[in-house]
Amino acid sequence: MNPFEQIRQHITSAAKSLSLSEAEQAALLSANETHRASLSVVLENGPQNFEAFRVQFNNARGPYKGGIRFHPAADLHEVQALAAAMAIKCAVIDVPLGGAKGGVVIDPKQYSAKDLEVIARAYVKEFVPHLGVDKDIPAPDVYTNATIMSWMLDEYESLVGHKEPGMITGKPLALGGSYGRDSATAQGGVHVLLQLLALKQKHHERQRVAIQGFGNAGATLAKLLYDAGFIIVAVSDSQGTLYAKGGLDPHIIDAVKTDKGSVSSLYCTAGVCDTEQMQKDGAVALSPDDIFSVEADIFVPAALDNVLTPETIQKLQAGVILELANNPTTPEADKQLFEQGVTVIPDVLANAGGVTVSYFEWVQNRQQLYWTKEEVAMRLQEKMETAFAAVHQKALEKDISLREAAYQIGVERITAAMRYRGTFM
Ligand code: NAD
């Protein structure tokens, strides 16, 4: 099943529970607009073409919103799935935005900053008629960042001939970015996790956490949880897993990863590990997939999609899963986890902090009045806690998973807006 079919399955299940008509279900399951292009650019090594997409899934609740990823494996199904999930996520967190996503099929590690700037500007030139502060607002995603957003904004403003900082979010502060955007996804995850643990009457300071993926989302979460008193027993990246029963210090690991490229390089260089130091620290270096088997109370997928499958969940010992990654759990595994009593905080809620602060950035740009760090942090906490409470309440009332509850809330809110707009007439 491709990722888009997986999301459509979640939407269909929610639509059926809400007894939506066939016409309503059909309208919720397909993208409003799918834009594709071949970006023809002249780079340092000569002319080249890159396949690019912008999928505008649903804008019933407000302008389209969603990141642009630069990835060699980006494809239409993936971008459609992420666009659909964005529409649900914005509705669950209750911000007045719709869902979109963009992608360029490229391995950005193979290109210079100068080439990436040419490609970023070409993307905007191609899709400019579809973008804008009230139309469609992109943001960073996998392998894109604030600098790429600044090039895109500059290109857009040159093309339309006026300043419009709210046409893109995740910008540098100097161009109208918001405080708190960098850590927003992880911080939002911390808020919903703390809410859940409080409801379960579990003291978070004794909770052991294993995190798969040590990038923007995973490393920031590890540091926030460590600072809050959680025990980070394991972290992993594409090259390996580090495990220590007594806990790891993610601040040290982050510095090592930034310097040497992998979490394992805290102890290992070119496959040779300092076993004496590891013994002293009570740590072991394992392979990437060993992250699933470590003893932990909370497991956080923060890297790839579809990593939690019927096979991998058999190894998991955690009773709580916080989905920072998008679409990390297959539908079969999701069903089994619910039956086993494992609580999954779904991606459309767990990682919604990022789009929430993107929304705050857009609001600040529109009103040209900028908030302090504290104001952003307070508003984020309020949004995450309100959304979590609504999802949890619905799950309890209907005896369904948090994912089903979140999708029902999202679908219900989008459908209400579509009905007022006469979409189904
Ligand atoms: P990133 O590229 O910064 O980090 C990804 C990490 O995953 C890297 O450390 C990489 O080494 C690791 N990884 C890759 N293959 C792995 C493997 N086989 N085993 C273990 N680790 C592996 O990306 P990110 O921005 O942190 O995003 C991670 C996930 O979170 C994605 O699914 C993304 O869509 C989702 N997400 C991120 C944000 C955000 O604000 N960054 C917001 C919403 C959702």
Note to self: Condition (residue is within 13 Å of the ligand (Cβ to nearest atom), under 12 Å from residue 361 (Cα atoms) and of a type in the set (D, E, K, R)) applied to the stretch 157-178: is it met by at least one residue?
What the structure shows: no
Checklist line | Every residue from the stretch 351-368 that is within 16 Å of residue 383 (Cα to Cα) and assigned to a helix (DSSP H, G or I) | finding: 353, 354, 355, 356, 357, 358, 359, 360, 361, 362, 363
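If you check 49, 32, which single one turns out to be modelled with pLDDT of 95 or more, under 17 Å from residue 7 (Cα atoms), out of contact with any Cys (no Cβ under 9 Å at 6 or more places or on another chain) and not hydrophobic (A, V, I, L, M, F, W, C)?
On the way: 49 fails: under 17 Å from residue 7 (Cα atoms).
Answer to the check: 32.
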Notebook entry, point to check: Would you say residue 260 is in contact with a helix residue (DSSP H, G or I) (Cβ under 9 Å, 6 or more places away or on another chain), at pLDDT below 95 and not aliphatic (A, V, I, L, M)?
Noted result: yes
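Listed here are the residues, each with its yes/no results for (1) buried (at least 22 other Cβ atoms within 10 Å of the Cβ); (2) within 23 Å of residue 233 (Cα to Cα).
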{"site": "315", "(1), (2)": "no, yes"}
{"site": "320", "(1), (2)": "no, yes"}
{"site": "327", "(1), (2)": "yes, no"}
{"site": "332", "(1), (2)": "no, no"}
{"site": "355", "(1), (2)": "yes, no"}
{"site": "373", "(1), (2)": "no, no"}
{"site": "376", "(1), (2)": "yes, no"}
{"site": "389", "(1), (2)": "no, no"}
{"site": "392", "(1), (2)": "no, no"}
Check: Are there any pairs, at least 6 apart or on different chains, whose C-beta atoms fall under 6 Å, with the first in the stretch 193-220 and free of Cβ contacts under 8 Å to residues at least 60 places away in the same chain and the second in a helix (DSSP H, G or I) and near the ligand (Cβ under 7 Å from one of its atoms), and if so, which?
Finding: none
Notebook entry, point to check: What is the one condition in (1) surrounded by fewer than 24 Cβ atoms within 10 Å (Cβ to Cβ); (2) assigned to a helix (DSSP H, G or I) that residue 143 does not satisfy?
Noted result: (2)
Margin query: Just to be sure I understand the filter: pairs with C-beta atoms under 7 Å, separated by 6 or more residues or on different chains, first member in the stretch 175-187 and β-branched (Val, Ile, Thr), second member within 13 Å of the ligand (Cβ to nearest atom). Which pairs pass?
Written below: 185/217; 185/324; 185/351; 185/353; 185/354
Next item on the list: Scan the stretch 319-373 for residues that are within 15 Å of residue 189 (Cα to Cα) and more than 17 Å from the chain's Cα centre (by Cα) and report the count.
Entry: 2
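I need the strands (runs of 3 or more DSSP E) fully contained in the stretch 203-265, keeping only those with at least 1 residues that are under 21 Å from the mean Cα position of the chain (by Cα) and within 16 Å of the ligand (Cβ to nearest atom).
Numbers: elements: 208-212, 231-237, 240-244.
The strands (runs of 3 or more DSSP E) meeting that bar are 208-212, 231-237.
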Notebook entry, point to check: Do the conditions hold for residue 281, that is, is it in contact with a strand residue (DSSP E or B) (Cβ under 9 Å, 6 or more places away or on another chain), away from the ligand (no atom under 12 Å from the Cβ) and either farther than 29 Å from residue 73 by Cα or of a type in the set (A, V, I, L, M) (or both)?
Noted result: yes
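The values are calculated or read from the model by the stated rules, or taken from the named source; none is laboratory data. Bear in mind the structure is a predicted one, so any value in this text is a computation, not a measurement. Here the Cβ is made from the backbone with ideal geometry for all residues, glycine too, and neighbour counts use every protein chain on show.
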